[in-house]
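Working notes, structure below.
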Amino acid sequence: MTDLSWLTARPVAHRGFHDMNKTRWENTLSAFAAAAERGYAIECDVHLSSDRVPVIIHDDDLKRLTGQDGFVWQRTAAELTTLRVGGTSDHLPTLQQALDLVGGRVPMVVELKGTPGHDEGLVASVGEMLKRYEGKAAIMSFDHWLIRDFSKHAPGIPGGLTAYGKDVKLIEAHFAMLAHDLAFTSYAAGDLPNRFVSFVREKLKMPVITWTVLDQPAVELTFRYADQMTFEGFDPDHVKVA
């Protein structure tokens, strides 16, 4: 089994080390720089532009972050990277720009956001970038159709299932994804404990990180039932985390 101790060694900054979008916004180069300076791993979200370039943004539409109408997949990377985030000096970054900025200083955990009909080539594009990257990196997704492509289009890159829920239907769907060579799981902290997380940690010895930890109860749940947290809204180095 691949050694993923680097994935759980330090807290993971959710969309970078931002300040809840007051002055330093999520998924920006400023947020990634702040995380790297503090030694935190970085989680970021990627969508494909119309010209098939992985661009970092959580939403599939542009309104909340840039004030613009329309969807990510309707614009080229060149057009997207001119858009300012939250009225700040930060622009939407490409994944390559973020990798160049971080430069292997801290691990990158890249969440692939599927958009049915508009995400063909996303896994392959991200896989190629991370294959060339000299730092530690992993990919993950909620979207099962993307995860099924991980081993084919991103071989050698640790792949994870992003997941939530406790009900039987969701848990069984998570178990079904274990057929696709998963290396780790990122699970909603508020849905711990559950039998899926217990199984992958105890039986498969698979690392589990949580999302998104905002307060002390979620910190405590994480370190009782998982291995590391994806956090936002506070600095883990200045609070009790276990």
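What follows draws every value from the coordinates through simple rules; no lab data is involved. The model shown is predicted, which means the values in this text are computed figures rather than measured ones. Heads up, the Cβs are rebuilt from the backbone with ideal geometry, glycines too, and the neighbour counts pull from every protein chain shown.
Judged by the ratio a/c of the largest to the smallest principal axis of the C-alpha gyration tensor, the range 53-154 counts as oblate, that ratio being 1.5 or greater while a/b is no larger than b/c. Estimated from the Cβ-Cβ distance and a Förster radius of 25 angstrom, the FRET efficiency linking residue 205 and residue 148 is about 0.60. Helical content of the chain, expressed as a calculated mean residue ellipticity at 222 nm, amounts to -8000 deg cm²/dmol (DSSP H runs of 4 or more residues, -39,500 (n - 2.57) each, divided by residue number, nearest 500). Note on the range 178-239: with charges restricted to the Cβ of Lys and Arg (+1) and Asp and Glu (-1), its dipole about the Cα centre is near 420 debye. When only alpha carbons are used to place a centre, the range 1-53 and the range 165-208 end up 23 Å from one another. Residue by residue, the range 17-33 carries 3J(HN,Hα) couplings of 8, 9, 10, 6, 6, 8, 10, 10, 8, 4, 6, 10, 4, 5, 5, 6, 5 Hz when phi is fed to the Karplus relation 6.51 cos²θ - 1.76 cosθ + 1.60 (θ = phi - 60°); x denotes Gly or Pro.
Spread over its residues, the convex hull of the C-alpha atoms of the chain is 118 Å³ per residue. In loop segments of the range 1-62 as defined by DSSP, the trypsin sites (Lys or Arg not before Pro) with at most 13 further C-beta atoms inside 10 Å of their C-beta are 22.
Loop-located trypsin sites (Lys or Arg not before Pro) in the range 161-242 (DSSP state other than H, G, I, E, B) with a sparse environment of at most 13 neighbouring Cβ atoms within 10 Å: 203, 205, 240.
For the range 130-216, the set of GluC sites (Glu not before Pro) satisfying both a DSSP loop assignment and a count of at most 16 other C-beta atoms within 10 Å is given as 134. Remark: the Cα gyration tensor places the range 1-78 in the oblate category, a/c being 1.5 or greater and a/b not exceeding b/c.
When the charge dipole of the chain is built from unit charges on Cβ atoms (+1 for Lys and Arg, -1 for Asp and Glu) and taken about the Cα centre, the candidate among 80, 65, 238 whose Cα reaches farthest toward its positive end is 238.
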